[in-house]
Amino acid sequence: MSNMLVKQDRLRIFGLLSPAYLWLTVAIFLPLSAMFYFSFLSEVPFGDAEWNFTTDNYRAFFETPTYAILLWKSIKLGLMVTLTSVLIGFPCAYVLAKTIQGRSREALFLLVILPFWSNSLVRIFSWAIVLRGNGVLDRTLNAILPFELDINLMFSTPAIVIGLVHSYLPYVILTAYLALQAIDDSLIDAARSMGAGKITILRRIILPLSLPGLLAGAVLIFVPVVGSFMEPRILGGRVGTYYGTVIEDQFVAVFNWPLGAALSFILLAVVLVILALASPILRKAQT
Amino acid sequence: MSTLILKRLGKIWLALILFFLYAPILVMAFMSFNDSQYYQLPFEFSLRWYQDLAGNSEIIAAATRSVLIALITTIIATTLGTAASVALFRFEFKGKRILQVLLFPPIAIPWLITGTAMLIFFFGIGLGRGTPSVIIGHVALALPYVIVVVTARLATFDATLEEAARSLGANSWTVTRRVTLPWITPGIIAGALFAFAVSFDQFVVSYFLSEPGDSTLPVLIYTAIRKGFTPEINAISTIIITISMAVMLIAARFSNFGGER
């Protein structure tokens, strides 16, 4: 009897889970495997093209310094965007979690998170409108300032950083907010009553306890920024060549898919190493 | 005394962040109502860019396609995701932890990698680019969100309610239909709205998977931005961002983004 029930349960579990996971297999896991396979081919194996197995695509990465330089450029961009977001996002999360009370907190929190759930392309486009030479920022500043100032941030690295920070800042505010909210206020009160100053409290209580949340937010920002290509393209123009844009080119312009697959896979390896290193922290932040 | 100053500074900081987040969007929307084709100021109110939109068959076709893809994605992802959440929540079994971890790749791996991998695979199996490929990709990206949101709602469910219903003589179908489903409905609605937003706003995967001349709205906008654009792009962008923010505001009513409550 109990055996039958278990069997029925097993069928039920299988029936409920298999459609979703079959879908993920076809759309995510098989494609990733196919890409790995592809990265060892000499030519795109469609039609009657001659192809054979080769490690040339990976060799290209290690022999041509361009790719490694661009990957490093992308990693630096990721670090810069992550650091900026953490530095400006943490105080904001702190104010939301500890200073503002009641219903207005919920509303403000929603306001901070909302842009994150809107179209990222449109938000990058909105910065293109703001930053263009003779654009809104230029005109506003020149109207306020007493001296003539020619600001044309468009097509520069700062423009890319601004756009990316705008895109991903809500991530770190969200994770830091959740971590800060979990800190018991009585802990802070106790420290204060025993004579701890503001800086001591920040350094000894608030920062260590919110660190997992902060780091989770940092990883969530860093990973997509390293793989970004649309933001540098739109806001960077000619200086917007990054590792991501080179991969994009292999697939939509140069049509060297095997090389693109190898470059994608190297990026995936970098991402996986970062996620693996961060996974203990991420797990801690989740609970 | 200094605490008061710090608090005030904190609030100013928050206000500055909100300004940073919303000002460019508002500027973009503002410019969609400006008459000048070259974004010249002073501002002259005009609806001409919205009128142009109405006559732009390419944009209308892309918009229709985007909405259709988002709706189909929502239906599939919500159904499959809800089923999976129920199993993941209700049963204890071997390999459950692995299955939960497998939900992360679609979220955590940069879309550039997943998108190009899908392009390769779909070409390899003969499906190629096109709307079916885009839908397959979008559903995979939306599934983890649906599962996370619905599971979160399930976690608040009081299992004794089911036991009570069963002890009162309800069979398992009746229990599911009359007790469990009504409780998790807000979670399912929120999950569906998330799925819609993921698909409707998705650019990267659509970009690699949609056929040239048969693209979704974000892909069309990307192409337009790179070719040189007019305030018409501001107009359609304003419409898009209004829709996605409205969808998320409604979703927030049904779930709370992991915040307190």
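The values are calculated or read from the model by the stated rules, or taken from the named source; none is laboratory data. These numbers come from a predicted model, not from an experiment. Virtual Cβ from ideal backbone geometry, glycine too; neighbours counted across all protein chains shown. What goes into the accessible areas is simple: the full protein's heavy atoms, side chains included, and nothing from ligands, DNA or RNA. Shrake-Rupley method; radii C 1.70, N 1.55, O 1.52, S 1.80 Å.
Before moving on, here are some points about what is shown:
- Shape call, chain A: gyration tensor on alpha carbons, a/c limit 1.5: oblate
- Debye equation applied to the C-alpha atoms of the range B:1-93, log10 I(q)/I(0) at 0.13, 0.14, 0.19, 0.25 Å⁻¹: -0.83, -0.84, -0.96, -1.16
- Average partner coverage of A:222-229, which counts Cβ from other chains inside 10 Å: 4
- Residues whose placed amide H lies under 5 Å from that of A:Leu41, excluding near-sequence neighbours: A:Thr54
- Degrees between helix B:2-31 axis and first principal axis of chain B (Cα, 0 to 90, nearest 10): 60 degrees
- Taking all pairs of distinct alpha-carbon atoms in the range A:1-59, Kirkwood radius in angstrom: 14.8 Å
- Distance from the C-alpha centroid of the range A:170-213 to that of the range B:178-203: 34 Å, rounded to the whole angstrom.
- B:Lys96, A:Lys7, reordered so the largest accessible area comes first (probe 1.4 Å): A:Lys7, B:Lys96
- Partner chain coverage, peptide A:167-173 - average Cβ within 10 angstrom: 1
- Chain B shape via C-alpha gyration tensor axes, a/c threshold 1.5: oblate
- Note on chain B: GNM, Cα springs under 10 Å; of B:Ala15, B:Ala192, B:Ala224, the largest mean-square fluctuation is that of B:Ala15.
- Cα-based shape type of the range A:1-140, given that a ≥ b ≥ c are square roots of the gyration tensor eigenvalues and the cut on a/c is 1.5: oblate
- For residues of A:83-90, the mean tally of beta carbons on other chains within 10 Å: 1
- In terms of its Cα atoms, the protein assembly as shown spans 85, 79, 52 Å along the principal axes, sorted from long to short.
- Listed by chain and number, the aspartates and glutamates placed with their C-alpha closer than 19 angstrom to that of A:Lys98 are A:Glu106, A:Asp184, A:Asp185, A:Asp189, B:Glu260; residues fewer than eight positions away on the same chain are left out.
- All lysines inside 28 Å of A:Lys76 as judged from Cα atoms, apart from same-chain residues fewer than 8 positions distant: A:Lys284
- Peptides B:154-166, B:178-190, A:118-130, A:22-34 ordered by average Cβ neighbours within 10 Å, highest first: A:118-130, A:22-34, B:178-190, B:154-166
- Whole-Hz ³J(HN,Hα) from phi, Karplus 6.51 cos²θ - 1.76 cosθ + 1.60, for the range A:62-73, glycine and proline x: 7, 8, 8, x, 3, 5, 5, 4, 5, 4, 5, 4
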